[in-house]
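Just below is one structure, and these are the notes that go with it.
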Amino acid sequence: MLPRVLSIARPPSIACVSSLPSCVFAPPRSALASSSLSLPDRFLSSTPTHLQSPEDSTSQQPSQPPRRQSFNTRQSRPQTTPAVPEVSAFPSVYPTPPSVDLPPNPTNIGPLYKRLIHVRRVVRQSRAGKVRRMWAMVVVGNRNGAAGVGEGKATELNAAVQKAIRRAVENMAPVARYENRTLWHDVEHTFNESTRVRLWARAPGHGLVANPHVHTLLTACGVHDCASKVTGSTNPMNVVKAAFEALGKQKTADEVARARGRKVVDVQRIYYGGSS
């Protein structure tokens, strides 16, 4: 058996290295001081950290950063409002747009002309069975250049009609009229590829010669002299929608003159004293 001194000279195993204190493998302090490496003082200490006294460990700990102030005691940043330039500072690049007739305000349109156009019973098939409801279409207008069409569906007919009236008032739109009695020009419109409606402007005193449903819509708009023809499908729902869209396709003289860059003069009103 070899002496004990020779057994210590053997390199220790991995398990023995991990169990030995760090001071055994620490290089001399003089060697680290003479080297060019700059290490913190805690690595140059000859005494391990876990063997130092509490006083030494406290003195060698790095200084803690100052604690943040609480949210309540923190000084708030001064709120500065950015300077907003005046409106006059912006140059007027675009000319003022021409005046456009806006849709009437439903809360200030005066008494309304309300007419029930069509009523039918509808059925929806569900897993529980057939659900029967009532459907209604209503035309609303002020007889002064504004009208609207609305549809409503409910279990009872009265509720369906009231719902249709509310939607018709929301859908009210201005209708261009010449001399507040007829159309500006003849209009032709096809709705749903099945209903074709043609409207013709007529002279004063001609009256309304039109389909019953178109007659009701023109009365709500305030058109008094007009003729119409409906071809194709005469379904009341399609006829009313086609006529309403046809009235919205009109172009006034001012719109045509603005598009062509011309000036419009009403010859009949100025030179022949036509009634306005």
How about region 173-276: which chymotrypsin sites (Phe, Trp or Tyr not before Pro) there are in a DSSP loop, with at most 15 other Cβ atoms within 10 Å of their Cβ?
TYR271, TYR272
Any idea how far the Cα center of region 157-182 sits from the one of region 114-143, in Å?
17
Along the charge dipole of region 113-174, which of ALA146, VAL169, GLY129 sits closest to the positive end, that is, farthest toward it, with unit charges on the beta carbon of Lys, Arg, Asp and Glu (+1, +1, -1, -1)?
GLY129
Rounded to the nearest whole number, the per residue volume of the convex hull around the C-alpha atoms of region 113-174 in Å³ is 68
Could you tell me the relative contact order of region 113-174? Use alpha-carbon pairs under 8 Å, at least six residues apart, and round to a whole percent.
30
Among the lysines, which have Cα under 21 Å from the Cα of LYS263 when same-chain residues fewer than 8 positions away are ignored?
LYS251
Quick calc: nm separation of the 7 Å Cα→Cβ label points for LEU116 and VAL267 -> 5.0
FRET E, pair GLN162, LYS249, Förster distance 35 Å, beta-carbon r, rounded to 0.05
0.70
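Values quoted throughout were computed directly from the atomic coordinates according to the rules given, and no laboratory measurement underlies them. Remember, predicted model here, so these are calculated numbers, not experimental data. Note that we place each Cβ from the backbone using ideal geometry, even for glycine, and neighbour counts take in every protein chain shown.
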